[in-house]
Amino acid sequence: MRRAPRRVMQRAPQRVGQRAPRRVMQRAPQRVMQRSMRWGMRYTVLLLSCALVLTACGGGGGGGSGGGTTSGDNGRSQTPAPTPIPTPTPTPTPTPTPQPEDSPEPETRLPSAPRPPTFPASYYEASPEYQSQIGLAISHAAEAYAHSLSGEGILIGFTDTGLAEDHPEFADDRVIFNDRSGYEGVEPTKDQLFHGTAVASIAAGQRGSGDGMHGVAYNSDIAMWSLKLEDDGSLAVNDETFSNALTALEAENAAVINHSWGYAIQFDPAHAGTKRSFLQSTFTDTIQKLSSGNAIHVWSAGNEAGDEVSITAAFPLLFPEMRYNSVVVVSVDGNGLLGRLSNRCGAAKAVCIAAPGGHNTGAQHIRAALARGGYTNVIGTSFAAPHVSAALAILRELFGSQLSNRELIERLFFTADNSGIYADEDIYGHGLLDLAAATNPVGPTAVAIENRKISVDESSFNFQGFNVSLARQLSKKKIIILDSMDAPFRVPLSVFDQKEDKKEALNEIPPIAKQPSRPTARWSFASGTKASTWQTVSIADMTALVSQGRYGARPQPTLLRSPFMELAGVGAIGQIDMKGLQFTSFANWKESIDKQEDPLMISGFSAAWRAAAGDFTFGLNGGILFEEDAVLGAQGRGAFAINDYGRTIFTGVGGEMPLAFGWQSAFAAYFGQTEENGIKNGLIEAIDTVAASSFSASVWKQFGGLSVYAKLDQPLRIDNGKMHFQLPVARLPGGEIITEDWALSLSPNGRELRGELGMRQFTDYGQFSVRVQLRHEPEHVRHAEDEFAASAGWQWGF
C-alpha cells in the first residue's frame with residue numbers, strides 16, 4: 001500500500017552568518033574620516049549642535065555621555081574626557097513620535113518541550129571564566145549553553161573604535177573582518193582600541209582562553225568596522241563613513257550589528273520633529289541602509305542618567321521603518337538594578353530592553369578584555385548592548401533563517417523578565433534580558449500538520465508491537481515543533497516514543513506449561529464435537545495446539561503458540577473442537593497508549609489442525625487478526641494517530657518427534673502479513689504491507705523426576721515493511737511549514753536469537769529449577785551487546 005512519492009519543498013534552513021573564509025582587512029585611507037580632532041569638534045558643536053561620542057566610558061579612551069571610571073588589571077585608574085555641552089537646538093513645532101505596536105503576547109510562558117541538555121547549565125556555571133563575568137549569570141546564559149547554543153556560525157558586526165585581535169579572547173580565528181581605514185593609514189594605539197576591544201569581548205570573547213572572562217556568544221564570528229577615536233573621546237564619523245560601515249558589514253552577512261556609541265544628547269519627545277529633521281539631513285544614506293538592510297541593529301541607550309535615550313538610540317522612534325530591526329539597551333548593575341549612569345527607556349520603551357553593563361556602589365563590575373592585554377572593569381550602556389547583540393546571535397543560531405528579524409526581536413522582548421522592578425516600562429522597557437526563557441519554548445508546544453496544530457503533550461506513539469528497536473532511527477530524525485509564538489524547535493522523533501524505559505536481561509519464557517483455566521461454559525455433541533467459551537484468559541494460550549507429551553518434561557507449553565496471537569493479550573473466546581480440528585473466535589479490549597481514552601479493540605478468528613502418525617505429531621494453525629487504531633500492536637495518538645484498523649493474516653507449522661536415547665524434540669515456525677486500511681490523519685501517511693516471522697526448536701529428556709532441556713528461538717521479526725511519514729522540518733519567516741517525506745524502515749539490521757538451558761527436579765516436597773539464558777543481538781540490533789542471565793529457585797505448595 002505504499003503511496004506514490006510526492007514532491008515537497010525541502011529547503012534546508014540557511015544559517016545567517018555563513019560566509020567565505022576569514023579575512024582581515026587593512027583598507028587604504030579614505031577621505032571619509034580625514035579630519036582633524038579640532039575641525040571635527042568644531043563641526044560637531046557648531047553644525048550638529050551635539051557631540052558624537054562613545055555612549056559608555058572605557059579605560060584608555062572612554063569618555064562619553066555620562067562617563068565614569070574604569071580600572072584595569074594594571075591598577076591604572078582612568079577618567080574619561082568631559083563631554084562638550086551642546087548648544088540649544090531650535091524648537092519648531094514637534095511632530096508626533098511614531099509609537100511601535102505592541103508585540104503579541106501568548107497566554108503563558110511555561111516551556112513544555114523535552115530538550116535534553118548536552119551538558120547541564122551547572123557545568124558552564126562552574127567555569128572560572130563564567131564566574132568572572134557577572135553578565136552571564138544575570139542573563140542566564142548557561143541555560144542556552146546547555147542546549148549547545150553559543151552563536152556558532154553567526155557573525156556579529158561592530159561599529160566601534162577598533163579591535164585588538166591579538167588579545168587571547170580573539171585568538172581562535174573568528175575575526176572575519178577588521179577594517180581600520182578610519183584611522184587614515186595610521187596604526188591606532190591600544191588606548192584607541194580599548195572601547196571596541198572591550199565591547200567585542202563581552203559579545204564574543206572565546207571560552208577557554210583563561211579565567212579572565214568569556215563572551216556571551218563565545219563561538220560567534222566577529223566583524224569590526226573601526227571609527228576613529230579622537231583624543232577628546234569623540235568619534236570622527238559622518239553619513240558617508242557610517243553608510244560605508246553598514247555596507248561592508250552587511251556584505252559580510254552580519255546577522256547583528258552593535259552600535260555602542262551615540263550623540264551625547266537625550267531624545268526629547270516634545271521636539272521629535274526637530275530631531276528627525278536633524279538626523280534625516282545628517283545621515284541620509286545611513287538611514288536608508290539602516291531601514292533596508294538584513295541585520296538587526298542594537299543601540300546603547302546612553303549614559304546621561306536621563307529619562308530618555310540618546311537621540312541616536314531614538315532612530316527606531318523617529319523612523320518607523322526601523323521599528324522591526326532595532327533594539328535599544330539600558331544597563332543594569334551586578335545586582336540587577338539600573339546602573340547609575342544609564343539613561344532610562346522613556347519614550348523608546350517599546351523597542352527597549354535592559355542588560356548587564358551598569359554599576360552602582362556594592363555591585364560587581366562587568367568584565368572585559370583590555371586592548372593592551374589582560375582584563376578590566378567597565379561601566380555603561382556600551383557594555384550592555386553587546387550582551388543583547390550576542391543574545392540575538394544565539395537566537396539566530398537556534399532558529400536559523402526560520403524567523404524574521406521582527407520575530408526574533410519580539411521573542412527577545414517577550415521573554416525578558418518583566419517581574420518586580422522590571423515591570424516599570426519607562427525604566428526597563430520590556431524588562432531584563434533572559435536567555436534561558438528566550439531559548440526555550442514559550443507556552444504550550446504543537447506539531448504543525450497541514451493547516452492545523454496538534455498539541456505536543458497529546459502526541460505520542462508506541463511501536464513496541466513491531467518487536468524491533470527503532471530508537472536509533474527515531475533519534476536521528478528531527479522535526480520542528482512550534483511554541484505559542486510560532487517559533488520552531490527541532491526535536492528528535494524519539495521524544496514522542498512512549499516505550500517503557502526498563503532493561504530486561506531476557507524475555508520471560510516459562511520452561512513448563514501452565515494448567516489452562518477452566519471454561520466458563522461447555523457443550524458436548526453426539527458427534528464428539530465440543531463447544532466452549534472462555535473469559536479473561538490468555539488468547540494466545542487458548543488458541544494454540546496442545547501437545548500430548550508428558551506435562552513438566554518439555555521446555556515449551558504448546559506445539560503451536562502463535563506470537564501473532566500474543567498481540568491479543570487477555571480477553572474472551574469462543575471455541576469449537578471436532579476430532580483434531582479447532583475453530584476459535586476471540587475479542588479483547590486492550591489498554592490503549594492513552595490510558596484515559598477508550599481501550600483498543602482487537603478481535604479475529606483462527607483455525608488449527610493436529611494429526612499424529614506413530615510417535616510423530618504434526619500441526620497447522622492460522623487466522624486473521626483485526627486491530628482497531630493499531631498495526632501489529634503499534635499505536636499512536638495526536639499527531640501520530642493510527643486511524644481505522646490493521647489486518648494481519650498469519651499461519652504456523654510445527655511438530656514433535658522422538659530422538660535417540662529417549663530425547664524428544666519439537667519445532668515451530670510462524671509467518672504473517674499485516675496491512676493497514678488508510679490511516680492518514682497526522683504525520684503517519686501509510687504503512688507498507690508488513691511481513692514478519694518467528695521460529696523455535698527444542699529438545700528435552702526426562703530422567704525419572706529430573707527433566708533437562710535446551711531451546712533456541714527467534715522472537716517475532718519484521719522481515720519487510722516501512723512506515724511513511726510527512727514531517728515538518730522547517731519554517732519560513734512568513735510562517736509556511738516545509739515538510740519532508742520520510743520512510744521509517746521496520747526491518748531490523750540484526751536477528752535476535754535466544755538460547756536457554758535448564759533442568760528441573762521434581763520431588764514430593766516441590767520443584768527445584770536451574771536456568772541459563774543467552775540473548776544474541778537483542779531487539780534484532782546488529783552487533784548489539786549479548787545479554788546473559790542465570791537463575792535458580794525452589795517452588796513448593798501447600
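The sole residue among 753, 727 that is of a type in the set (A, V, I, L, M), in contact with an Asp or Glu (Cβ under 8 Å, 6 or more places away or on another chain) and farther than 30 Å from residue 795 by Cα is 727. Considered as a group, the residues in the stretch 756-784 that are in contact with an Asp or Glu (Cβ under 7 Å, 6 or more places away or on another chain) and at positive phi include one that is least open to solvent (accessible area, probe 1.4 Å), and that residue is 780. Applying a threshold of 6 Å to beta carbon distances and a minimum spacing of six or more residues, or different chains, the list of pairs starting in the stretch 480-500 at a residue that is of a type in the set (Val, Ile, Thr) and ending at one that is open to solvent by 40 Å² or more (accessible area, probe 1.4 Å) reads 480/490; 495/114. Within the stretch 333-342, can one find any residue that is surrounded by fewer than 24 Cβ atoms within 10 Å (Cβ to Cβ) and assigned to a strand (DSSP E or B)? Within the stretch 333-342, one or more residues are surrounded by fewer than 24 Cβ atoms within 10 Å (Cβ to Cβ) and assigned to a strand (DSSP E or B). Filter the stretch 699-723 down to the residues that are modelled with pLDDT of 90 or more and outside any strand (DSSP E or B) and list them by number. The answer is 721, and nothing else. Looking across the stretch 148-204, the residues that are at pLDDT 95 or above, in a helix (DSSP H, G or I) and either surrounded by fewer than 20 Cβ atoms within 10 Å (Cβ to Cβ) or of a type in the set (Ser, Thr, Tyr) (or both) come down to 168, 197, 201.
If you go through the stretch 343-362 and keep only what is open to solvent by less than 10 Å² (accessible area, probe 1.4 Å) and among the β-branched types (Val, Ile, Thr), you end up with 351, 353. Reported count of residues in the stretch 134-157, each being more than 15 Å from residue 219 (Cβ to Cβ), touching a strand residue (DSSP E or B) at 6+ places or on another chain (Cβ under 6 Å) and not small (Gly, Ala, Ser), is 1.
Once the stretch 672-695 is narrowed to residues that are buried (at least 22 other Cβ atoms within 10 Å of the Cβ) and over 29 Å from residue 455 (Cα atoms), the residue that is nearest to the chain's Cα centre (by Cα) is 690.
Restricting the search to the stretch 735-755, which residues are open to solvent by 60 Å² or more (accessible area, probe 1.4 Å), modelled with pLDDT of 90 or more and more than 26 Å from residue 453 (Cα to Cα)? Residue satisfying the conditions is 751 alone.
Taking the stretch 611-671 and the strands (runs of 3 or more DSSP E) fully enclosed by it, the elements with 2 or more residues that are touching a residue at least 12 places away in the same chain (Cβ under 8 Å) and open to solvent by 60 Å² or more (accessible area, probe 1.4 Å) are at 616-628, 645-658. Starting from residues that are open to solvent by 50 Å² or more (accessible area, probe 1.4 Å) and closer than 26 Å to residue 456 by Cα, keep the ones in the stretch 100-115 and report whichever is modelled with the highest pLDDT. Per the criteria, the residue is 114. Where strands (runs of 3 or more DSSP E) sit wholly within the stretch 363-462, those with at least 1 residues that are at pLDDT below 95 and surrounded by fewer than 24 Cβ atoms within 10 Å (Cβ to Cβ) occupy 446-449, 452-455, 460-462. Beta carbons closer than 6 Å, at least 6 apart along the sequence or on distinct chains, pair a first residue in the stretch 241-256 that is touching a residue at least 12 places away in the same chain (Cβ under 8 Å) with a second that is polar (S, T, N, Q) for 242/286; 243/286; 245/159; 256/389. Looking only at the stretch 463-480, count every residue that is in a loop (DSSP other than H, G, I, E, B) and within 15 Å of the chain's Cα centre (by Cα) and tell me the total. Looking only at that region, the number is 1. Of the residues 747, 791, the single one that is of a type in the set (Gly, Ala, Ser), under 50 Å from the mean Cα position of the chain (by Cα) and not in a strand (DSSP E or B) is 747.
Is it the case that some residue within the stretch 116-133 is surrounded by 22 or more Cβ atoms within 10 Å (Cβ to Cβ), in contact with a strand residue (DSSP E or B) (Cβ under 6 Å, 6 or more places away or on another chain) and not in a loop (DSSP other than H, G, I, E, B)? No, the stretch 116-133 contains no residue that is surrounded by 22 or more Cβ atoms within 10 Å (Cβ to Cβ), in contact with a strand residue (DSSP E or B) (Cβ under 6 Å, 6 or more places away or on another chain) and not in a loop (DSSP other than H, G, I, E, B).
The values are calculated or read from the model by the stated rules, or taken from the named source; none is laboratory data. Model, not experiment: these values are computed from the prediction. Please note: Cβ atoms are built from the backbone with ideal geometry, for glycine as well, and neighbour counts cover all protein chains shown. Side chains are part of the model used for accessible areas, which takes the heavy atoms of the whole protein and leaves out ligands, DNA and RNA. Shrake-Rupley method; radii C 1.70, N 1.55, O 1.52, S 1.80 Å.
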